[in-house]
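The values are calculated or read from the model by the stated rules, or taken from the named source; none is laboratory data. Predicted, not measured: the structure shown is a model, and the values here were computed from it. Cβ sites come from the backbone with ideal geometry, for glycine too, and all protein chains shown count toward neighbours.
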Amino acid sequence: MDSFQKLKLDEMFFEADQLIAEKRFADAINTLESILIEAPDYGQAYNHLGWIYETKYKDIKKAEEFYKKCVLYAPDYPAIYINLAVVLSSAAKYDELEAHLTKALQVTGVDKASMYNEFGIMYELQGKYNQSIESYKNAVRHSLSDANIETYAKSIKRCKTKMEIL
């Protein structure tokens with residue numbers, strides 16, 4: 001792909017991003033699909049399609065397919081890692097989720113606090129409360145957001161309560 005074509009595709013991608021912000025999802029899908037017709041390896045377009053299908057159409061299976069294509073074609077795109085993690089968690093695909101989160105922690109730019117939070121959620125849903133608490137503590141270690149730290153602390157407390165009750 002030459003630099004002119006890359007620039008054109010990037011402009012289309014930013015246009016799709018703006019269409020999403022304007023809640024013009026059908027137009028955004030058309031723009032993203034046009035990008036993929038010209039460049040089937042334009043990974044970020046798959047991420048945005050996945051996000052639309054996950055959050056607006058509630059089609060988790062289709063979202064997962066798009067997110068996985070994004071990881072394949074744009075493995076350095078940090079946003080994809082939280083998006084795919086949420087979908088895998090929703091689908092209770094814990095083995096796949098664990099491998100995904102482990103890989104995500106190695107990607108430059110990925111929000112490690114969010115990844116450790118997803119580990120915490122995964123372990124909590126499986127009833128592995130000690131592992132969950134450790135993951136939430138790691139989320140706290142990597143977070144610079146007071147609001148997020150408060151959320152992680154509440155998650156730790158919730159796990160401790162579950163351990164007492166169950």
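Descriptive notes on the structure:
- Complete set of residues in segment 115-130 that are in contact with a Phe, Trp or Tyr (Cβ under 8 Å, 6 or more places away or on another chain) and crowded, with 16+ Cβ neighbours inside 10 Å: 115, 116, 117, 120, 122, 123, 129
- Tally of residues being within 14 Å of residue 111 (Cα to Cα) and either of a type in the set (Lys, Arg) or not assigned by TED's automatic domain parsing to the domain that holds residue 115 (or both) across segment 130-148: 1
- Residues considered: 38, 64. Of these, the only one that is among the acidic types (Asp, Glu) and buried (at least 19 other Cβ atoms within 10 Å of the Cβ) is 64.
- Residue match in segment 121-141 (condition: assigned to a loop (DSSP other than H, G, I, E, B), under 19 Å from the mean Cα position of the chain (by Cα) and not aromatic (Phe, Trp, Tyr)): no
- Residue within segment 80-99 that is of a type outside the set (Lys, Arg), under 23 Å from residue 18 (Cβ atoms) and surrounded by fewer than 22 Cβ atoms within 10 Å (Cβ to Cβ) present: yes
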